[in-house]
Each structure stands twice: as structure tokens, then as C-alpha cells.
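Worksheet for the structure shown next.
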Protein chains: 2
Amino acid sequence: MANKPIVCAKDGIDITGCRVSLYPMKDHFAQQILTSIEKTNTSAVWQQTDLFSTLFRGEAPSVLDAAAALFINAYESKTHLVGEFTFSKGCPGDTAGDTFLNGEQAQPNKGKNLANGDFLVDCKYSFYVFGENHYMDEIATIVQLAETHGLSPRSAHYVTMLTGSASQLFAYFEAALAYAHDHLPHYVLEATVSVNSPSKKEAMPHD
Amino acid sequence: MANKPIVCAKDGIDITGCRVSLYPMKDHFAQQILTSIEKTNTSAVWQQTDLFSTLFRGEAPSVLDAAAALFINAYESKTHLVGEFTFSKGCPGDTAGDTFLNGEQAQPNKGKNLANGDFLVDCKYSFYVFGENHYMDEIATIVQLAETHGLSPRSAHYVTMLTGSASQLFAYFEAALAYAHDHLPHYVLEATVSVNSPSKKEAMPHD
């Protein structure tokens, strides 16, 4: 089963994965997603697209690089766009992607696609830790990291809210994943990132 | 902090919550969401809308009733719509919503708004259990319940996939939440529900 928290590794490197789903709130949403996929350099990760998401797997810094680029490349200045990200470490019983665990931690989008991430985003996210008794402490550490990155974490029901530039947010996720990779056998970071929501200007519901 | 897994209750009834975010992939997305909110009977739950989601809290059957109605009421036959649902039990340190824990388990949308849920949906979801040593068994039980409800669960990376009518899916969530409510101190069910995806017809990416 997909949720199986088996911990596995090749040469001591656990595989990291991210599911990215993009929701551009416009009639021509498909083209916006396709353009972003074309622009994103995925040479450092294993990838697969299904009905819901594009999935990247490999070394944590490379997965973050691809996921961040997919969102930043999909940005349009006037479109409300939401991205849903599920980052996780732990492999669900297959070896797809293992060839990308080569220790290089390549980030081919850094300094290129990722340089365009200076637009403002909001984020809700939750960090889940499994098989770890001190999991509340680990969550506190992850949220503290958001503070360090200038993202002003605020508590809300079932999630923590963040605000900052897209670049800041993905730099934070990279740091959080690096910490989690080193300290935790199995985790899930579930994040929803929103840009150009009309609710930011008008007092309207979540659209 | 919002992720705090404190277990609390009023008169022995743990509060259940659901964050629902709707993503209609069209230019006039806002109106579609507002119309759905207006149509949905939320008399049996505490509710709040923020930048990302509409949040319902109360007794599990009532929360499910409101969340299902919000999605079904947002359905349009030609619009690609995605809904993101985070169901959880456990209260993050406040008493908002406690007045709805009256033991009535009212479902004011059942047989009304929910009667329109005979359209086909796809779902990806993960069930997370905390503070429970046998959590793999609990996850297996929850997925087995999907089989019983005719939703053909399939494993994928980091999630399980389901297919069926919206009514079938929400009936399953209701059963899963009832099981989880009775057996588990703290859980999260994270689900993404998609309808009218063009990828269902054409071999296109996740749009």
C-alpha cells in the first residue's frame, strides 16, 4: 500500500519524493500547466505525471528544485494559482528513481527558473512525523525554521500559515527537508501554496 | 501550534474538523464557490472561511455532511473542479465549535443537496495515524473499507487512488471517519477529489 512507511535506501541515501498538483483558476488552465512542465528542468529527478499530480523522486535538494521550478514557472501575474505539494521520505516498495540517488544533489533550476520567485505567496501546511516519540518537538523545530526564514508562521485549525516570497518559501522547504532527512525516518510535509487570491484584496471567501 | 495532537472532548465527544478548499478551473471561479457556500446547509456545524479553505467543526457525521455538500453543490457539468479535504480529530487548544457537540449528529444536507452526487469522481488520499503503534493495521482497515464501498483502491506513490460517484466517495469517508473516531485518538485524512479532468479523456498531464 502506498502509505506504507517502509524505510529503505540505496547506498545509505533515502529517497525523497514530492507530488505537485497545480490549480490555475482560469479557463485555459491546461496550457498554463503544460508550459510550466516544459520549462522545468527535471534532469536531476525521476518523474511521472498522473491524473492528479506530477511526481518527482530523488535526492531531497533535487526534488525541491524541480517542485519549486514547476510552481514558479506556472506563475502568471494575473491568475489565481494554487499548488498542492506532498513531500515525503520513505519508499513505497519500488526502486523507480533509485538511479537518481547518486549523491550529486543537483539543482539545475537554481539561479535560472528559480530566480523568478520574488512574488508574494501564502501557504498553509502541516508537518507529520511517524515512528518518532518526540514528534511534537520535531514539529516545533520545523515551524521554528519558518520563523528563521522570515515567513511569520501563524497557527490555524489543522495547519500553520506562512507568508513571504515564493523564493523564501521554497528556501524554507529546502531547509526543512534537509533537517527532516537527517533526523527523521519517515515524514510527510503537506503544503498548499496560493498566489493572486482575490481574497487578499477583498474580504471574500477562499477564492 | 495548530498541529498539536492534544486529545480533548466535551462530554466525551471528540471534535471532528474538515478544511475544504475548492479549485474550479475557470475564469469565474469565485462565483462558483460563493454559490456553493450559499446552497450548503451549515446549521449543524461551526464554520469559518479563511484565505484557503472553509472550515467545518463539530460531530463527525455533521462535518462530513457539510463538506460533501460544499463539493457537490460546486459541481458544474463542464468545469474541471478539484476539492482538497483535510479531515481530522483532535482539538488544537480552543473551544470554538464545542456547542455543536450535542450528540445529535445532524445531517441537514442528506437527501437534499447530497442527492445530486451521482457524478463520477477520482480521488487521491492518505490516511495518517498518530500515537498508535499498530498504525499500519489501521491504515489497512481504512483502505479495505474503500474496497467494500466499491471504490477500487489502487496504490500510487504517497497516496491511494479511488474512483466512483461522489455519493459513494463521501459515504466511504463517512464510514472511515466513524471507524477512526471510535478507534483512534488522533488521525488526519487528506483527500483530493477531482471531477471533469480533461486528462480522463485525453492522455494529458494533470489538468
- Query: Past the 21 Å Cα-Cα mark, which pairs from B:Lys124/B:Lys200; A:Lys26/B:Lys200; A:Lys89/B:Lys124; A:Lys26/B:Lys124; B:Lys39/B:Lys110; A:Lys200/B:Lys26?
  - Reply: A:Lys26/B:Lys124
- At B:Asp182, label 7 Å along Cα→Cβ: distances to the other copies, nm, ascending? 4.6
- Note on the structure: Computed for the range A:21-134: size of charge dipole around the Cα centre, +1 on C-beta of each Lys and Arg, -1 on C-beta of each Asp and Glu, debye to nearest 20, value 240 debye
- Item | Copy-to-copy label separations for A:Glu104, where each label sits 7 Å from Cα toward Cβ, in nm and ascending | 6.4
- Task: Within 10 Å of each Cβ in peptide A:50-63, how many partner chain Cβ atoms are there on average? Round it to a whole number, please.
- Result: 4
- Task: Could you please state, rounded to a whole Å, how far the C-alpha centre of the range B:41-106 is from the C-alpha centre of the range A:111-149?
- Result: 26 Å
- Item | For A:His181, net neighbour charge (Lys/Arg +1, Asp/Glu -1) across residues whose Cβ lies under 13 Å away | -4
- Item | Radius 11 Å from Cβ of B:Val193, net charge of other residues (Lys, Arg +1; Asp, Glu -1) | -1
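Determine the relative contact order of the range B:58-201: mean sequence separation of Cα pairs under 8 Å and six or more apart, normalised by residue count, in whole percent. Walk me through the numbers before you get to the answer.
Values: 205 pairs, mean separation 59.3, N = 144.
RCO, the range B:58-201: 41 percent.
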- Task: At q = 0.13, 0.16, 0.23, 0.28 Å⁻¹, work out log10 I(q)/I(0) for the range A:9-74 with the Debye formula, treating every Cα as an identical point scatterer and leaving solvent out; two decimals please.
- Result: -0.36, -0.51, -0.93, -1.26
- Between B:Ala68, B:Ala96, B:Ala44, find the one with the highest GNM mean-square fluctuation for chain B; connect C-alpha pairs within less than 10 Å. B:Ala96
- Note on the structure: With +1 at each Lys and Arg Cβ and -1 at each Asp and Glu Cβ, the charge dipole magnitude of the protein assembly as shown around its Cα centre, to the nearest 20 debye, comes out at 820 debye
- Message: Apply the a/c threshold of 1.5 to the C-alpha gyration tensor of the range B:100-168 and tell me whether it is rounded, prolate or oblate.
- Response: oblate
- Rounded to whole Å, how close does chain B get to the rotation axis onto A by Cβ? Give me the residue too, please? B:Tyr23, 2
- Would you mind listing how long the range B:134-188 runs along its three principal axes, going by Cα atoms, in whole Å with the largest first? 30, 25, 17
- Shortest first and in nm to one decimal, what separations exist between B:Thr35 and its copies in the other chains, measuring from label points 7 Å along the Cα-to-beta-carbon line? 2.8
- Message: For a Förster distance of 35 Å, can you work out the FRET efficiency between the beta-carbons of A:Lys110 and A:His134, rounded to the nearest 0.05?
- Response: 0.60
- Query: Which whole-number percentage describes the relative contact order of the range A:37-125, with Cα contacts under 8 Å and a sequence gap of 6 or more?
  - Reply: 40 percent
- Query: What per residue convex hull volume, in Å³, do the alpha-carbon atoms of the protein assembly as shown yield?
  - Reply: 128 Å³
- Item | Estimated D of chain B in µm² per second, where Rh is the Kirkwood radius over Cα pairs and Stokes-Einstein applies at 10 °C, 1.306 mPa s | 92 µm²/s
- Task: Return the calculated 222 nm mean residue ellipticity for chain A, to the nearest 500 deg cm²/dmol, obtained by summing -39500 (n - 2.57) across DSSP H runs with n ≥ 4 and dividing by the residue count.
- Result: -9000 deg cm²/dmol
- Message: I need A:Lys39, B:Lys124, B:Lys78, B:Lys89 ordered by Cβ neighbour count within 10 Å, fewest first.
- Response: B:Lys78, A:Lys39, B:Lys89, B:Lys124
- Net charge contributed by nearby residues that have their C-beta within less than 11 Å of A:Asp27 (K/R +1, D/E -1): +2
- Message: Tell me which of B:Leu177, A:Leu55, B:Phe87 sits at the most positive position along the dipole axis of the protein assembly as shown, charges placed on C-beta atoms (Lys, Arg +1; Asp, Glu -1).
- Response: A:Leu55
- Cα-projected label distance for B:Asp27 with B:Asp182, points at 7 Å along beta-carbon direction, nm: 5.1 nm
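None of the figures in this text is laboratory data; all of them are computed from the coordinates on show. Small disclaimer: the values here were computed from a predicted structure and weren't measured. Cβ sites come from the backbone with ideal geometry, for glycine too, and all protein chains shown count toward neighbours.
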